[in-house]
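To keep things clear, I will list the structure first and then write my remarks on it.
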Amino acid sequence: MTSSGSAEDFPAFLPPTPTGVARAAELLRAGEVVALPTETVYGLAAHALDERAVRSLFAIKGRPLIDPLIVHGLDVNFFVNLAHFTPMARLLAETCWPGPLTMIVRKTSAVPLLVTAGRDTVALRAPAHPLMRAVLEACRLPLAAPSANPFGYLSPTRAEHVRTSFGGCVPWILDGGACALGLESTIIDVSDTSAPPRILRPGPITAEALAQILDCRVEIGPRESTPATGGLAAPGMLARHYSPRTPLELLESTQKPGSPPVGRRAAWVRLQRPKPKEATPNAVEVFWLSEDGNLAEAARGLYDLLRRLDMAGYAKIWCECAPESGLGLALNDRLRRAAGRGNS
């Protein structure tokens, strides 16, 4: 990385203005890494076809090379030389882009194998955040952009999260405020035309919505068999991911936490505000993600709350699971991975 300026100048928050967008685009064209806002979480962006820049992403995050990256662009035309779009993929792009949907499709030789973890498929997304789209318009580059956090840690939903996670290791952050959705994109694999489409990572666009759009069955979960070569099929597939450093345990809605070690505090994260006078174990402090259990509101605030609890010195965090449908699938997926139970 060849940023100018002294160490104390960084990280530099680029303003959400045409000047900030132009500077971000200039840095990306020069092979730099820039943290950018999307509607889901902040991404750590670099030119996806520049292998030196992509290696910088892996190094900064501490990300293993077996974990593929999502390539971001404006629309299908932006990816015309990078991937093969089937009719199903085009339908999804027309319906869900720009937005929080990542598609796994067959790649062309233009996409470095470093980006795809050695696989012949690539993950593509057209984000909806106006600043991210403005940067893509300005730089005219496909951008590899994993979440802007150390590998395995909680994803960032504010520019400040990126700064506290990386400091000067990520010198440029385009500040787009709080992310509107707060959970990573849905990932759907439509690369195999002989098999039903399959959601590899639940997200803001639900399985029910995708089945309605495609008018067919949409399966959920990793495929039963994977190629002998290459890395993971998609980002976010590891059993432990999106994790706070504080031990985290999941509870069903009818369960209550135990007691923390003597002399220590613990946190209990509820989906909605508990009823008045509801019993709470001693030394357990209660937090909630929504006043009325709204899952979109809960998703938007999940990572931000877990970060605050992680820095507050609790001995343990208990989290209440969501219903196993709709957006609840995505919330529970992230909670299970945060607790190290992602493949259970």
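Quick check on residue 322: is it touching a helix residue (DSSP H, G or I) at 6+ places or on another chain (Cβ under 6 Å) and at pLDDT 95 or above? For residue 322, the condition - touching a helix residue (DSSP H, G or I) at 6+ places or on another chain (Cβ under 6 Å) and at pLDDT 95 or above - is met. Selection of the stretch 173-191 for residues being assigned to a strand (DSSP E or B) and either touching a Lys or Arg at 6+ places or on another chain (Cβ under 8 Å) or of a type in the set (Asp, Glu) (or both) yields 173, 186, 187, 188, 189. Would you confirm whether any residue within the stretch 79-102 is within 28 Å of residue 14 (Cα to Cα) and without any contact (Cβ under 8 Å) to a residue 24 or more places away in the chain? Within the stretch 79-102 (the criterion being within 28 Å of residue 14 (Cα to Cα) and without any contact (Cβ under 8 Å) to a residue 24 or more places away in the chain), the answer is no, since none of the residues qualifies. Filtering the stretch 310-322 to residues that are touching a residue at least 60 places away in the same chain (Cβ under 8 Å) and farther than 12 Å from residue 284 by Cβ leaves 310, 319, 320, 321.
The residue that is surrounded by the most Cβ atoms within 10 Å (Cβ to Cβ), counting only those in the stretch 243-283 that are under 24 Å from the mean Cα position of the chain (by Cα) and among the charged types (D, E, K, R), is 270.
Counting residues in the stretch 66-75 that are surrounded by fewer than 21 Cβ atoms within 10 Å (Cβ to Cβ) and under 21 Å from residue 242 (Cα atoms) gives one or more. Suppose we keep only residues that are surrounded by 18 or more Cβ atoms within 10 Å (Cβ to Cβ) and acidic (Asp, Glu) within the stretch 305-325. Which one would you say is nearest to residue 244 (Cα to Cα)? The residue in question is 310. The set of residues in the stretch 292-344 being among the aromatic types (Phe, Trp, Tyr) and either assigned to a loop (DSSP other than H, G, I, E, B) or within 17 Å of the chain's Cα centre (by Cα) (or both) consists of 303, 314. Can you pull out every residue in the stretch 166-191 that is over 22 Å from residue 71 (Cβ atoms) and touching a strand residue (DSSP E or B) at 6+ places or on another chain (Cβ under 7 Å)? Once the filter is applied, which keeps residues that are over 22 Å from residue 71 (Cβ atoms) and touching a strand residue (DSSP E or B) at 6+ places or on another chain (Cβ under 7 Å), the stretch 166-191 yields 171, 175.
The values are calculated or read from the model by the stated rules, or taken from the named source; none is laboratory data. Just so we're clear, the structure is a prediction, and the values are computed from it rather than from any experiment. Here the Cβ is made from the backbone with ideal geometry for all residues, glycine too, and neighbour counts use every protein chain on show.
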